[in-house]
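K.L.:
One structure, as structure tokens, below. Some questions next.
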Amino acid sequence: GYYLAAALGDAAAGIALDVSKHALKRAARAHPRIGAVVADVWRPIPVGDDRVDVLLNVFAPRNAEEFARVLRPGGSLVVVTPGPGHLSPLVERLGLLSVDEDKDRRLEDALGGRFARFGEETEEIALSLRHDEVGAVVGMGPSAWHTRPEELAAKIDALPDPVPVTASFHITRWTASS
Ligand SMILES: C[S@@+](CC[C@H](N)C(=O)[O-])C[C@H]1O[C@@H](n2cnc3c(N)ncnc32)[C@H](O)[C@@H]1O
């Protein structure tokens, strides 16, 4: 919702899709021109053919066939994935899952048959996180399922408070192949 709201500009309307109704409640509140719909991206997306000007996919699964169906001819797909060094030094200090080195190849495998890449950039943001915010960042990522809570709390306690953290985003732009 946060990123979609920023992308809407003066007049566009946006639809937030997610399997989580809790996530969608928040997304719907992010902007008056956002509608939110529960949808599994691996099933047909509840949007007509050729309706979407820009499809924004942020840290989420990608269904190339459905994305190509809903995008209008000439529309853009913008994919945001974790960049190199995302959440450094938390990854090393807390033993979090690191970014898959092969992520870019997997992105190409998933989209390359239907989409052509026309743009690419990496955006880095310097954060200063308090210990409770570090806990929230870990809790919203996949590592939350792989770390024992007591062990994690002890590792967070050993960090400086606040701790400087890098957020790194790899942004690729795609258009449907003809
Ligand atoms: C890391 S979060 C990113 C959420 C949001 N895009 C953002 O930028 O804040 C990944 C999201 O993908 C959603 N998700 C996972 N599998 C999905 C699926 N098959 N269909 C739709 N959404 C899915 C999860 O519910 C979760 O909200």
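Every read-out reported here was derived from the displayed coordinates using simple, explicitly stated rules and does not represent laboratory data. Computed from a predicted structure; not experimentally measured. Glycine gets a Cβ as well: all are built from the backbone with ideal geometry, and neighbour counts include every protein chain shown.
K.L.:
Please list, ordered by chain and number, the residues whose modelled amide H lies under 5 Å from the amide H of Val19; skip anything fewer than 5 residues away on the same chain.
P.N.:
For Val19, whose amide H was placed from the backbone, the distant partners under 5 Å are Ala39.
K.L.:
Taking the highest mean first, how do the peptides 134-147, 55-68 order by number of other beta carbon atoms within 10 angstrom per residue?
P.N.:
Descending mean neighbour count gives 55-68, 134-147.
K.L.:
Quick check on the chain: helices-only [θ] at 222 nm, where DSSP H runs of length 4 and up contribute -39,500 (n - 2.57) each and the sum goes over total residues. Nearest 500, please.
P.N.:
Result for the chain, helices only: -8000 deg cm²/dmol.
K.L.:
Express as a percent, rounded to the nearest 5, the fraction of DSSP beta bridges in the chain (both residues included) that run antiparallel. Present the calculation step by step, with values, prior to reporting the outcome.
P.N.:
On the way: 22 of 33 bridges.
Around 65 percent antiparallel, to the nearest 5.
K.L.:
Which percent of Cα pairs goes in each bin when the distances of the range 40-176 are cut into 5 angstrom slices starting at zero?
P.N.:
Computed distribution, short to long bins: 2, 9, 17, 18, 14, 12, 11, 8, 5, 2, 0.
K.L.:
From the phi angles alone, apply the Karplus equation (6.51, -1.76, 1.60; θ = phi - 60°) to the range 44-54 and give each ³J(HN,Hα) in whole Hz, x where the residue is Gly or Pro.
P.N.:
x, 6, x, 9, x, 5, 6, 9, 9, 7, 9
K.L.:
Mean separation of Cα pairs under 8 Å and 6+ residues apart, divided by the residue count of the range 40-176: what relative contact order is that in percent?
P.N.:
Worked out over the range 40-176, it gives 35 percent.
K.L.:
How big is the range 1-92 in terms of Cα radius of gyration and Dmax, in angstroms?
P.N.:
14.1, 44
K.L.:
Would you list which lysines come within 30 Å of Lys155, measuring only between C-alpha atoms, while excluding same-chain residues fewer than 8 positions from it?
P.N.:
Lys103
K.L.:
In whole Hz and in residue order, list the ³J(HN,Hα) couplings for the range 115-127 that follow from phi through the Karplus curve 6.51 cos²θ - 1.76 cosθ + 1.60, θ = phi - 60°; x for Gly and Pro.
P.N.:
With coefficients 6.51, -1.76 and 1.60, one gets 10, 10, 7, 10, x, 7, 8, 10, 10, 10, 10, 8, 10 Hz.
K.L.:
Whole-Hz ³J(HN,Hα) for each residue in the range 167-172, computed from phi via Karplus 6.51 cos²θ - 1.76 cosθ + 1.60 with θ = phi - 60°, x for glycine and proline: what do you get?
P.N.:
Whole-Hz 3J(HN,Hα) from phi for the range 167-172: 9, 10, 10, 9, 10, 10.
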